[in-house]
Each structure stands twice: as structure tokens, then as C-alpha cells.
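Everything on this sheet refers to the single structure shown next.
The values are calculated or read from the model by the stated rules, or taken from the named source; none is laboratory data. Just so you know, these numbers come straight off a predicted model, no measurement behind them. Here the Cβ positions follow ideal geometry from the backbone for every residue, glycine too, while neighbour counts run over all protein chains shown.
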Amino acid sequence: MDSALSKAPKNKLNLRDFFEPLRKSLANFGKRFADGSLGTKLSHFIFGAGNFYHKQYIKGAIFLLLQLAILWFMIFCPAVNGTPYGWKALANLSLKNVKEGGEFDPATGHFSAGSDCKLMILFGFVTIAVIIIYFLIWNMNIGSSYKADMDKKIGKKPTTFIEDLRELLDSKFHVLMLTPTCIAAMVFTILPTIFMIALAFTTYNSQDMNDLGTNLFHWNGLQNFSAVFTGEGSLGVEIKNRFLPVLGWTFIWAIFATLTCYFGGIILALLINKKGLKGKKIFRTVFIFTIAVPQFISLLAVRNLLGEYGPFNAMLINAGIIDKAVGFLGLHVGDSENLAKVMVIIVNMWVGVPYTMLMTSGILMNIPTDLYEAARVDGASTLKMFFKITLPYVIFVTTPYLISSFVGNINSFNTIFLLTGGGPTYTGYQAGGTDLLVTWLYKVTIDQGSYNTGAVIGIFTFIITATITLVTYRRSKAYNEEDTFQ
Amino acid sequence: MSLMKKGKKVRSQSRARKVSLGATYILLVVLGIIWLVPLIWIVLSAFRCEYQPDGTFIGRVTSNFFPKAYGLKNFTDLFTATYYGVPKAFPRWMLNTLIIAIIDCIISTFLVLSVAYCMSKLKFKLRKPFMNISMIIGLFPGFMSMIAIYFLLKSIGLTGNPSHPEYSVIGLILAYSAGAGLGFQVAKGFFDVIPNALVESAKLDGCTNFQIFMKIILPLAKPIIIYQALMSFTGPWMDFIFAKVIIGADNAAYWTVSVGLYSLLFGTHPDTNLFTQFAAGCVVVAVPIVTLFMFLQQYYVEGVTAGAVKG
Amino acid sequence: MMKKIITLLMISFMLLTTLTGCGGGSGDNGGNTKPDDGVIRVWVGEESAEFYQKACDEYVASHSDFGYKIEVKGMDTGSIAGTITNDPTAAADIYTVAHDNIGKLASTQCAKPITDESLIAQVKADNPASFQGVIYSTLNGTQYLYGVPYISQALFLYYNKALVTEEQAKTFEGLREAAKKAGTKAITVSGDDGFNMSFALLATRVADHGTTVKIYAGAESVSGGSKGKSNVQGDDTIAIFRWLQAYAEDPNGFKWASSDGWDADLDKDNKGVLAVIGGAWHYNTAKAALGETNLGITLIPTFKLTAEACEGLTGVQAGDEYRGGTFADCKCFMINAYSHANKYVKEQELIKYLSSKDVQNQSYLAAMNVPAYVGASEYIKSAYEAGKVSESEYLLAANQVAMAEWGIPQPFITGTLNTYYYSKNAPSIFRAIIDKTAYPTTGDMILTETTSLEGIRKALYLIEYIWMHGVTTKDFPGTLPAEA
């Protein structure tokens, strides 16, 4: 009870915190409309009116053009592949108003195709983004005019276009610099991501649609998520029986791949940087080869080298170590899953160890030598020094790298896809023994066309990786001391 | 006595050191060989020129590590062959990739540096949220975005445009370089180390942020510029999935070299006897990239180290 | 306040160019055909791109009224259908796929019906009845011709002449005998997909070409109504698979293709297999694996059912002789649904030319595409006698044509039913039987074994069920329906 009492006011406070800025900005709108000049008032309806009023013609023209363009976009609904943008796209987002299509006129050869639901969703979200942008511009155009009003009030001249541009090079430099990335991220990352998340709530599954002989799909709420547990739906058995094993292996893989490469790299760096060792540079160069050669080359080379009739098996057979070729990479149904798992981790070391080696070489050289001197005076052994000085120091410095490489390994598509293709496969399932969530996702979507199931897997993967990243990153020294670098 | 003891100790120590040094040499050489074997094998396969007794060329993976006969046939075939109906496809793929890589490299490096500079040296309202979002947004598996990106690019005519297949190359460059800005973390780590005092004093001298960026930061940032350029230049040589979707399975003339090589090996090619030709292609692709890497090794190491420490 | 102007400017500019640049027509569905830009684009298999470009150029040159430029592009034959369904508006006006894609492409509105009377007449006149049944599909209840056959595809046998005698290559038992001597396995298939699995599914009794296998037998038409009857769990099929299980367990018997490629298996140095069941499109690879002089080409061998295989089955007798079968498929020209209506007439005219006997013959000489029309074997023979093709090139075509008589085209009705066979994992059920492993079915593992008679029958019933219903059954009936 006590705690409930003490919590109550806090909750209230939070709520007010949340609504305060909203209230303020609403009040701000009212204030600007009431206090503003005629131009500012007009700006609420016609973009740039206030700027024209203040003789800022270029700025005004830009605002006006933007408004006209967006309105044109919204009203006239340009279309791609027959699917419109604009207000029609908003209406289409419900996926209610769809046409099966297929009217054909043998005389003229005219064929009318049905609605394209995936484009309806995509374009719907694009249109929503455009509307948000419309209101941002709206707000900005009012603000711009109101600022000119205020400048006038205190006897200053409204800023000229040139002055605004100049500002972009100085106090608003970040706007100039970040804009291209923001736009690009919006178009190429955020919109596609929203689109993908949306697919998880639909029946967009090429196989099911083929069965029904339709091109159309619709929203179906959380059914795809519950399928993970119930096994219903066209990929139900697959998801139900394979989701947990794949998830488990993804984690095991990520842990092993990260740690083996990490410690392997440190050890290799220590070896190469050993005092008195000659030819450091040559050794380092040798190991860098695997970083420099594109992965699809080096990994496919290994895959073929380890193949059933490849040189490695032939060598082992000739040496009498084995009498029959071994399926190291589980490319065949019935090959050992555990062997394939061990092999991918080993081959991954081949690719990843040099990377850590390079990275830690620099760090090793930065370890203050007096630490070692002091230890040596105390008579500490080399091994002890490694565990007491070197390792703690390196781990301390490279924690952020450990996290990012762990997350990177969860999403490590190339290694698995090129080496084992997810094999050994199991009769009747897409997900094989070494499939990670991400390669499974590839099979389910690209090979199988089950976009909704793929999206569900993708969302799970994202939740896992994003949580790990954010939680550990927020706790890391780098993040918390971030501001001290300012 | 103590002196003698010490002398013995020093001697035994130096012997122990010699032994351990020798062991290190041996270990490193063995590891080095293990590391190079697959790559050497690819190079050997590229020069393999074996024939059946009746003169049929053997282009498959064979069980002998060292070829029974060497020759340049794979290379000459590779450079002259018609793949997917495109005469001399391989040189075209090389050229396409080179063009894409150079443009992507310029745009990406610029974007990365500008974002990293803002995040490191400028203060503004949305800085922290931007950093958090950029960190996780890239974690979404990309395959699903692929369809969305395809249709967004198609909306502006930059892909799936049969009358202008060359436009999809622009589309691909856009798609490659667009996301680059979000990978600013390494460069930011580097900029963070540049003392703020330098920036402050320049500000006192009346420099604008733009001038500071151009005149102070960029000249100091040579290593990170080279690192970023190297990273974004090598990217297009390695991607074999995205490029095929954006350029189009039918536009073999505009493919990148990795899409082409991957298709040689895994496509339902009428003649799958192409491993040695694939190997030759790998050598042609890898040699310039490896050379570049070796020359710029020092900058790469700097970048990697900066990235590791700053995450 | 003024700050983000440029930001916005750029955002909006980008978005605007995005949206205006497309310039497509407005309206809901009016603008979704591709513009008529004076070019007819054609997608064919990679191996024939050069040939068809040349043929088309010649055609345009000799028909000044054609009015269109023709662009031919070579594609990965395996991925053409997928590329088309991903974005049909970016696909070619005329494309070529294996006939079993017709149902899917028609029902997903990627293909346009063919209505030109003279072209339909040519298709009817030239092609065997078996093809006629699988190139139609329905649109809004009307049956239309969709695909025009121009290449036939069937399985036959490549074998190593150095280690297998011609006599041994005629039977599975003979191959095994040779394999025992060579210390290898006898035979492999070029893949474990549904097409290749037909060698077992469609095996027929040599004496009378008899089999109890039925797929949509007696279906009224491709437009549906009745799906007819399917049966793949007759006593003979069970016996064949039991025989194959034993043959696969034999150290010198059947082997799945290596992940290094079946050609690596075939290479004599690797001691993999002595023979492979494959198609004409494997010719170059097989030749490279064995060398042309050692490359034997013949029909898929025969085998005799053993007493163990027939145990407990009434419909078969030990000693019955069967020959491995094949789906006898064809590749077809189809028209893109999104192609501009203006091109429609010319597209059909072009297809009529490209699928004519004459061009099919030329395509055989230029790119080893085995012609699809009735009586192609005569031309194949005459071409060999005239010295236009090598002996193995002749054998390849001749044996394929001969094999086609031992098989049926993959049948389909009502649009998509045949794709179930692939997409609902029927091929992996075959694999489960041959490997004697379990197979997961919806909900729980109800197919726990494929070793017993009952287990095999259940597995085959699953496949039958997939053919008929497009889903795997959730439950088996108390007694499986016997032969229909």
C-alpha cells in the first residue's frame, strides 16, 4: 500500500511530463495565429504567404511549391504498376477495396490485372510519410513567418535567403550534414522496415495465395505470431518444430563464433607481437589475406575444398585416416549436424581471427609497459601476466566490439549461407541443422515466398538483437562517458 | 653465489626464451600455411588446365590439390565467353562493379564523415535519439526490405525499367550508399579523439562550422577517410544477392561481378563445369582488392582499432 | 525556425521526384500495362539466347511490316518463373518456362491467353496429345491456350562406357554388377526434386507399359469441375519403392548426388557412380565428367522386382520387369499479361514463328534443344545422317524422344494444382521413403517411419493427397483407400 501511495504522484508527474510539451506546442500554435501578422495567419492555409508578406520571395516560393507539389501528389495520385499513391493509397491501406482482376478481351488483347496488395501497403506508408512531412513543412512555414514578425517587432529586418543559407554552413551545419542521411534512411531503411513489419500482420504468403489462385491478401491480425506456438498455417509445422532449435543454435553459434574469434585473435596477436620475433609484418600480412579476399570467394573456396570429392577428403582418405568421404559441411541430407556446426565455427575462425588480431595488436602495444615491469619484479610468470594484465586490459577496452560482433554473428548471413546453405537439411523442413534465424528467413521469404512468416521471424530476430545492443550499449562506458568527449 | 645464481638464471631464461621463440615461429608458420591453403588452392584451380584423354576440358572441382597441368585457358575463356547472352560478359561485370564501387565509395565516405562529424563535434537537440536509432535500425534483416526498396526505386524509374536497364545501376548505387551514413560509429570514434580545444579555438577565430569541418577536421581525418573509402569500395565486390534483385535477373549486361560469378557457380547454367573459370574470376577480382588492402593496411588497422574501442 | 528549410526542401524534392518521375498513368488499374515502346522483349534459357536473337532478327528483316524491334535475353531457366511473379511489369513480353509453371503464372495473372486461330491450329497440329492436355488453363471460367511448346524435356541415362557394357546399362541389376566390379555405386539422379523423382514414381511394367499410378485421371478438363482420380499407392508403386529402398541400401546401388555435383560422382577418378539419370541440359557437364568417348547415352534402365519387395502385396509378382519412368515435359512460350495490348497480335505472330517446326529444328542444331513436335525423331535422325550433329548429340535427342513415350507430362488441372506436388514437399516425401526416414506432417509427427509396408503406403498416400488437395493431410483414414 505504501509503495502504491508513493508511486501515485510519480505516475501523475510522468503523465504531465508527457502532455506538457504537447500542450505547449498547441498553445504555441494558437499564439502564433493570434499574435502573428496577416501573413502569418495566411501561412496557416497557403504555405509561404507569410514569407511573401515579408518580401522573402525565394523562401516563400519554395514553401508554396512544396505545398502545391504535395497537394498534387495527394489529390492526383500518381501510380506505379497501377497502384496509386496519394489519398487513394490511404484508402487502399485497409486492403478492403481490392480487385481480383483478370478481365481479358481476346479481340484487342487488353488484359486488366488485379490489385497489388503489397504495393498498396507500401504506398500507403509512403503516403503517410508524405503527410507527416506536409505538416512539418506547414509548421516550419508558420514559424518562419512568425520569426520574421518578431524580428520586425524589435526593429530587425527579416533574414534574407542568403543569410539563411549562410546559417546552414554554421549554426545549422548539422542540418545540412544530416539531411542526406536522414532522407536516405527514411526511404531505404525506415519505410522498408515498417513495410516488413506490416507484412507480419497479413496473409501475404505466395504459396497460400497460389493455392487459392489469387493475387490478393489481407490483414489477419496476430495469427502469424500465434502460429509459432500452435503450428497452424501453411508453414505451421515448420515454425512450431524448428523455431526453438534454430533460435537456440543461433545463440550457440553467436557465442562460440564471437568468443573463438576473439580469444583466437588475442592469442595470435600475442604470438605475432612477441618480443624478438622477426618478420612480424610478413606474418601479419599472411593473416590479413582472409580479410582482404571477398567472403563469397574465400568461403566458397573452403566449401569446395571440404566437399565430398574435394582435396581435403581425398587427402584424408589417402592418408588412411578415413575410408569414406566425410560430409564436413552438412551439405547432404543425413550428414552429421554436429560436425557441420563445429566446422562452421572453425571456418569462421579462419575468417574472423585475423580481424581481432589486427585490432588487438594496436591495443596490446598501448598497454603501459610499467605494468609488466612491476609484475616481473614481483616474479609473475608470463601466463599469470597474460591473465592478470593483458586480458583484463584488452577486454576492458574492447567490450563494445564484443557486443557488436556478437550481434553481428547473430545476423551472420554469409558464413552460413555460403558454407553450409543451412544444411544438413531435414526432410520436410526448410530450416536445416546449421540455419540461423537470418538464413532461415532468407529461405522462407526468397525461396518459399512466405513473406508473412518471414516477417515474424525477422521481427523476433530484431527484438533479440536490438535489445542486446541497446541494453549493453547503454551500460557501456563508451555511452555513459560519451558526453565527456564533447 | 647470488651472482652465479643470477647468471645461471639469466642463461636459462635466455634459453627458455629462445625455445619459446622457436616454438612461436613454428606455430606461426603452421598457422600461416593453414590460413593460406584455401586461397592458394583457388589460385591453383584458376590456372588448372586438365583435359580428359579425348580432349574434353575438366572445369570441375577435382580431388587433386595441385593441378596436373597449368595454363591460362580459364582466364582467356572467362574474358571472352558469352554468359546469359551477353558477349564478353565478365569484363563488363568488372567494369560495372568498378564504376559502382567508385561512385559508392565517394558518396558513402562523404555521408559517413558528415554524420560522424555532426555526432562528434556538434551539439543539437536530436543527437542522442539519432544515435540510438541509427544503432538498431540496421539490425533488421535486410531481405524483406529488398522488395520494398525494389519498388521504391521502381517508383522513380531506377529499376525494373526494361527500356532503360542502365538506370538500375544508378538505383543500385543509391541503395548501396544510402545506408552508409548510419554506419558512422567508427568515424565518430576517430573524431572523438580530436581535441575539442582545436574546434573551440577555431570558433573563437570566427570560423564557421563548415570551415572547421573543411579546414581542421578533414585534414586530420586522412586515416579514417581512407578506411571508410576502402570499406565502401570493397562492398559492391562482395554482394551477390541484393545487386541481382535491383539490377534484375534479365540484365546480365549490367550485373556486378559477384552476381555474375555466383551465377556461374550456382545458376542453372547449361554448363556447370565452370569451377575453374569461377576460380579464375575470383583471382581477377581478389588481386586488386587484396593489393589495395595491403597498401592501405595501416589505415585499415587504425580504423578497426578505432571501431573496436568505440563500438 | 528557418533552419530545416533545406532539409525539407531536399526531402520533398526527393519524394516529389520519386513520385512524379514515375509518370505512370493515374487511376486504379488503368496504368498497369507496360508502355508500348516499339520493342518486343523475349526471355529464353541462357543457352539459346544467341540463337533466338538471330532467329528473331532474321524474321524482322524478312517481314518489313512487323513493326517491332525484338530483344532476346538469356535467363537462368530455373528462376524465370520466380522473377516473373516478383514483378511481372518488369518481365519480358514473351517468356519461356517449363509447362508446369503455366497454372501458377496464369492464375497469378502473369500470363495472357493466346487466342490467335492460326497459332492455336499450329499448336494442335504439331504437338502430341500429351502436351495438349497441359498447356491450357482457365481465366474466369473460360479455357484458354496459354503455353506454346517448343522444347521437350525428359529424363534418360548417361553412363560410363569405359566401365559399363551396353548390355549392363540396360538394367539396374547390370549397373550394380558393373559397380561392384568398379568399387563404386551404380547410379544417381541429377537432383532430388519432383521432376527427377519421376524416375521412380512413373516406372512402368515393361510388358504392357502398365502402372496403377493415376494423376487426375478422368478429370473433365483443365478448367476443373472434377479433378478426376489420383492414385500413387498401388501395390506396384509400393513394391517399386521397396525395391528402391533395398537398391539404395546396397553398397553398389543407388546414391543421392554429391553436393559437389552429380558430375563429380560420375567422374571415374572419384569412384562415385557409373551412371546418372539426367536430361539433355546436362549434356555438356556429363561430357566433361567422362569425356565424349566414354559417354554412353541410353534409356533409363529396367529392373526386376524382388521377392522381398513384393512380400505382402497382391498386385505384383516377384520377377516383374519395370522400366524407370519420366515426366515428359515441354518448355513453352507464354505472353506476359502486362504486355501492351498493341503488341498482342505481333507477339502471337512471333511465337508462331519461333515455335514452328523449322525453328525448333534449327534450335536443336544450334543449342541442343530437343524439339517438341510430333515426329521430331525423323528430323533428329536425318540430321545425324547428314552429319550435322555428333553421335552422342544424336543419341541424346533420340533417347530423350524415346523415353518420352515411357512417361507423361506433369499433369495439372484448375490452375495451380500441379505446383502442390513441388511446393507441398511431395519430393521430400519420396526422399524420406528412399532414405527410410520419418516425415513431419501437420501438427504432430504422424508419419514416424517409412520402413514397414504400412509406413510406405502412408507416405505414398500423403503424396496422393497432395496431388489431389494441395495440402498434407492432418490425419490418415482408418483404412487407406485401395486402388481407385
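Of all residues in segment A:430-463, those satisfying the criterion of being surrounded by fewer than 24 Cβ atoms within 10 Å (Cβ to Cβ) and either among the acidic types (D, E) or over 21 Å from B:M146 (Cα atoms) (or both) are A:G433, A:D447.
Picking from residues in segment A:76-92 that are more than 10 Å from chain C (Cβ to nearest Cβ) and not small (G, A, S), the one that is farthest from A:D116 (Cα to Cα) is A:W87. Of all residues in segment A:93-128, those satisfying the criterion of being of a type outside the set (D, E), within 23 Å of C:Q348 (Cα to Cα) and at the interface with another protein chain (Cβ under 8 Å from one of its Cβ atoms) are A:G101, A:G102, A:F104, A:P106, A:T108, A:G109, A:H110, A:F111, A:S112, A:A113.
Of everything in segment B:249-302 that is farther than 30 Å from B:A187 by Cβ and among the acidic types (D, E), the residue that is surrounded by the most Cβ atoms within 10 Å (Cβ to Cβ) is B:D250. Please verify whether A:L305 is more than 28 Å from the chain's Cα centre (by Cα) and over 30 Å from A:P392 (Cα atoms), treating the condition exactly as stated. Considered against the rule, which asks whether it is more than 28 Å from the chain's Cα centre (by Cα) and over 30 Å from A:P392 (Cα atoms), A:L305 comes out as yes. Give me a count of the residues in segment C:145-159 that are closer than 17 Å to C:S118 by Cα and crowded, with 21+ Cβ neighbours inside 10 Å. Counting residues in segment C:145-159 that are closer than 17 Å to C:S118 by Cα and crowded, with 21+ Cβ neighbours inside 10 Å gives 5. Just one of the listed residues (A:A455, A:A380, A:A374, A:A431) is more than 8 Å from every other protein chain (Cβ to nearest Cβ) and closer than 19 Å to A:G233 by Cα, namely A:A431. With respect to the conditions (1) within 13 Å of C:A169 (Cβ to Cβ); (2) more than 14 Å from every other protein chain (Cβ to nearest Cβ); (3) not hydroxyl-bearing (S, T, Y), C:L305 lacks only one, and its number is (1). Restricted to segment A:199-295, the set of helices (runs of 4 or more DSSP H) holding at least 3 residues that are assigned by TED's automatic domain parsing to the domain that holds A:Y426, closer than 25 Å to A:L441 by Cα and touching a residue at least 24 places away in the same chain (Cβ under 8 Å) comprises A:236-272.
Considered as a group, the residues in segment A:209-232 that are of a type in the set (A, V, I, L, M, F, W, C) and within 28 Å of the chain's Cα centre (by Cα) include one that is farthest from A:I197 (Cα to Cα), and that residue is A:F229.
Checked against (1) under 30 Å from A:M140 (Cβ atoms); (2) modelled with pLDDT of 90 or more; (3) of a type in the set (A, V, I, L, M), C:A61 passes all but a single condition, namely (1).
B:L274 satisfies every condition listed in (1) without any contact (Cβ under 8 Å) to a residue 12 or more places away in the chain; (2) more than 9 Å from every other protein chain (Cβ to nearest Cβ) except (1). For segment A:347-365, the candidate set comprises residues that are surrounded by fewer than 24 Cβ atoms within 10 Å (Cβ to Cβ) and among the hydroxyl-bearing types (S, T, Y); within that set, the residue that is modelled with the highest pLDDT is A:Y355. Scoring B:G59 on the criteria (1) away from chain C (no Cβ under 13 Å); (2) touching a helix residue (DSSP H, G or I) at 6+ places or on another chain (Cβ under 7 Å); (3) under 26 Å from C:K161 (Cβ atoms); (4) small (G, A, S) leaves a single failure, condition (1). Within segment A:332-384, which residues are part of a loop (DSSP other than H, G, I, E, B) and touching a helix residue (DSSP H, G or I) at 6+ places or on another chain (Cβ under 8 Å)? Answer for segment A:332-384, where residues must be part of a loop (DSSP other than H, G, I, E, B) and touching a helix residue (DSSP H, G or I) at 6+ places or on another chain (Cβ under 8 Å): A:V333, A:G334, A:I367, A:A380. Which of the residues spanning segment C:385-402 are touching a residue at least 12 places away in the same chain (Cβ under 8 Å) and either in contact with an Asp or Glu (Cβ under 8 Å, 6 or more places away or on another chain) or surrounded by fewer than 23 Cβ atoms within 10 Å (Cβ to Cβ) (or both)? Across segment C:385-402, the qualifying residues are C:K388, C:V389, C:S390, C:S392, C:E393, C:Y394, C:L395, C:A398, C:N399, C:V401, C:A402. Confirm whether B:K18 is in contact with a Phe, Trp or Tyr (Cβ under 9 Å, 6 or more places away or on another chain), surrounded by fewer than 16 Cβ atoms within 10 Å (Cβ to Cβ) and either within 14 Å of chain C (Cβ to nearest Cβ) or at pLDDT below 90 (or both). Considered against the rule, which asks whether it is in contact with a Phe, Trp or Tyr (Cβ under 9 Å, 6 or more places away or on another chain), surrounded by fewer than 16 Cβ atoms within 10 Å (Cβ to Cβ) and either within 14 Å of chain C (Cβ to nearest Cβ) or at pLDDT below 90 (or both), B:K18 comes out as no. Go through segment B:117-137 and give me each residue that's more than 7 Å from every other protein chain (Cβ to nearest Cβ) and closer than 30 Å to A:C117 by Cα. Scanning segment B:117-137 gives B:I133, B:S134. Of the helices (runs of 4 or more DSSP H) that lie entirely inside segment B:128-236, those containing 3 or more residues that are at pLDDT 90 or above and either in contact with a helix residue (DSSP H, G or I) (Cβ under 8 Å, 6 or more places away or on another chain) or not assigned by TED's automatic domain parsing to the domain that holds B:A306 (or both) span B:142-155, B:167-178.
B:V61 meets the conditions (1) crowded, with 22+ Cβ neighbours inside 10 Å; (2) among the aliphatic types (A, V, I, L, M); (3) assigned by TED's automatic domain parsing to the domain that holds B:I247 in every case but one. The failed one is (3). Any residue in segment A:74-85 that's among the small types (G, A, S): show its pairings with residues that are modelled with pLDDT of 90 or more at Cβ separation under 8 Å, as long as the two are six or more apart or on different chains. Note: pairs meeting the criteria are A:A79/A:Y85. A:G320 falls short of the stated requirement of being over 40 Å from the mean Cα position of the chain (by Cα), surrounded by fewer than 22 Cβ atoms within 10 Å (Cβ to Cβ), assigned to a loop (DSSP other than H, G, I, E, B) and within 9 Å of another protein chain (Cβ to nearest Cβ). When you look at A:V246, is it more than 30 Å from B:R60 (Cα to Cα), surrounded by 20 or more Cβ atoms within 10 Å (Cβ to Cβ) and more than 14 Å from chain C (Cβ to nearest Cβ), yes or no? For A:V246, the condition - more than 30 Å from B:R60 (Cα to Cα), surrounded by 20 or more Cβ atoms within 10 Å (Cβ to Cβ) and more than 14 Å from chain C (Cβ to nearest Cβ) - is met.
Would you point out the residue of segment A:91-115, among those that are in a loop (DSSP other than H, G, I, E, B) and among the hydrophobic types (A, V, I, L, M, F, W, C), that is farthest from A:M74 (Cα to Cα)? So the residue we want is A:A107. The condition of being assigned to a loop (DSSP other than H, G, I, E, B) and surrounded by 19 or more Cβ atoms within 10 Å (Cβ to Cβ) does not hold for C:A264. Restricting C:G279, C:G191, C:G183 to those that are surrounded by fewer than 20 Cβ atoms within 10 Å (Cβ to Cβ) and either over 21 Å from the mean Cα position of the chain (by Cα) or modelled with pLDDT of 90 or more (or both) reduces the list to C:G183. Considering segment B:237-249 alone, what residues qualify as being within 12 Å of chain C (Cβ to nearest Cβ) and either part of a helix (DSSP H, G or I) or touching a residue at least 40 places away in the same chain (Cβ under 8 Å) (or both)? B:K244, B:V245, B:I246, B:I247, B:G248 - these are the residues of segment B:237-249 that are within 12 Å of chain C (Cβ to nearest Cβ) and either part of a helix (DSSP H, G or I) or touching a residue at least 40 places away in the same chain (Cβ under 8 Å) (or both).
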